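**Q** Here it is, the structure in full.
What follows is calculated from the coordinates using simple rules that are stated; it is not laboratory data. Bear in mind the structure is a predicted one, so any value in this text is a computation, not a measurement. Don't worry about glycine lacking a Cβ; one is built from the backbone with ideal geometry, like all the others, and counts go over all protein chains shown.
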Amino acid sequence: MTIDLRSDTLTRPTEAMRHAMAVAEVGDDVYGEDPTVRALEERVADLLGHEAALFCATGSLANLLGVAQLVRPGEELLCDARAHVVRAELGAHGALAGITTRTWPTGDGRVDPATVMALAEPDAGPYLVSTAAIAVENTHNFASGVVQPYDSLVELSRQAREAGLGLHLDGARLWNAHVASGTSLADHGRLFDTVNVCFSKGLGAPVGSVLAASAERIAAARTLRKRLGAGWRQAGVLAAAAHHALDHHIARLADDHAAARAFATAVQERAPEAVDPADIETNIVVLDTGTVPAARVADESDRAGVRVSALGGSVLRAVTHLDVTVDQAAHAGRVVGAALAGPGQG
Ligand SMILES: *Cc1c(COP(=O)(O)O)cnc(C)c1O
């Protein structure tokens, strides 16, 4: 059997989740008449400490709709250089909303308020691009799933508000940050003007993300969603999966975090330079393959029944999730570690 750690999007809905979807009460959501979608939007708005929310097909869409409420065409969004919004959304913010971005390297992925605020030019006048908002990713996908230190977020939020800047949270894995840190979802949510959370990652739903914000911003985001052709009808079958995930799949993320540490520990025993398990806070392990091409390690692991993603020349990523046990993750770590260490060393 293949152990697939390429992403936590690979999970398939459980029997219980499929049942919840099958019996969902539905209506036409473009008419605002799907009760399961409406209940999900209210539930997630509440959880995140916001007034309103909008259920969307993808996190990329929720990010775009959120950022577009904070940044006008020709203005700028600041985000770190490895943020999903600039690396993995195919230029949507520029191509579809006229937003420019400026980035800085965070190193370990953690946002430092002083660094960001030094870059920001809130009112740059007629010659320079004005900064309108800052985006933060929590947990940080390409930075090995690090949890943003809460005190830094509080400080960034305070300074951004003082400077009149918007603040967007790409919380695709905010659930993981919440479980790892113990800080409530609402305590995270209220620091930001717009928040995206995904159901199709660790929570194990087949489809879906929610954008939370003020009622006014959500109304505008709903209009823009329709304009982009992303209004949907009986989406309650999908919202039902998200409800089920909220009921049953949040606390168990701690198991994914334990599995990621088990994977990293097994890798480190064979390839000590690739990763330090002490750095692994959530469900993502980014490995540095050094002089060994990441693609070669991924291929070799694949032949031994373990799939991981080569994200660059020397960067490999493994993500634990609902469909992988701690023991399987440890086994996968031994396989990848052996591939990394080279022939005869595994
Ligand atoms: C997965 C992900 C998203 C959204 O991705 P979609 O595939 O569009 O749902 C956004 N941000 C981060 C950090 C992600 O990992």
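**Q** For A266, what charge total do you get from the other residues with a beta carbon under 12 Å from its beta carbon, if Lys and Arg give +1 and Asp and Glu give -1?
**A** +1
**Q** Something else: Please get the size of the charge dipole for segment 230-346, origin at its Cα centre, with Cβ charges of +1 on Lys and Arg and -1 on Asp and Glu, quoted in debye to the nearest 20.
**A** Dipole of segment 230-346, to the nearest 20 debye: 320 debye.
**Q** Would you work out the relative contact order for the chain, in percent, from Cα pairs under 8 angstrom that are 6 or more residues apart?
**A** 24
**Q** Report relative contact order for segment 275-333 in percent, whole number only (criteria: Cα-Cα under 8 Å, sequence separation at least 6).
**A** 35
**Q** Counting only DSSP beta bridges with both residues in segment 141-224, what percent are antiparallel, rounded to the nearest 5?
**A** 50
**Q** Might you report the magnitude of the Cβ-based charge dipole of segment 1-50 about its Cα centre, with Lys and Arg at +1 and Asp and Glu at -1, to the nearest 20 debye?
**A** Its charge dipole is roughly 320 debye.
**Q** Please state, rounded to one decimal and in Å, the Kirkwood hydrodynamic radius that the chain gives when every pair of distinct Cα atoms enters the mean of 1/r.
**A** Kirkwood radius, the chain: 20.6 Å.
**Q** Relative contact order for segment 79-127: what is it in percent, counting Cα pairs under 8 Å that are at least 6 residues apart?
**A** This gives 37 percent for segment 79-127.
**Q** For the chain, give the magnitude of the charge dipole about the Cα centre (Cβ charges: +1 Lys/Arg, -1 Asp/Glu; no others), in debye to the nearest 20.
**A** 660
**Q** List I99, I284, I250 from most exposed to least, where exposure is judged by having the fewest other Cβ atoms within 10 Å.
**A** I250, I99, I284
**Q** Still on this structure: Mind ranking 185-197, 130-142, 21-33 by how tightly packed they are, going by the mean number of other C-beta atoms within 10 angstrom, highest first?
**A** 130-142, 185-197, 21-33
**Q** I want the antiparallel fraction of DSSP beta bridges within segment 52-185, as a percent rounded to 5.
**A** Antiparallel: roughly 5 percent of the beta bridges in segment 52-185.
**Q** Something else: State whether segment 111-207 is rounded, prolate or oblate according to the following rule on the C-alpha gyration tensor (a ≥ b ≥ c being the square roots of its eigenvalues): a/c under 1.5 gives rounded; otherwise a/b larger than b/c gives prolate, and the remaining case gives oblate.
**A** It is prolate, given that a/c is not under 1.5 and a/b is the larger ratio.
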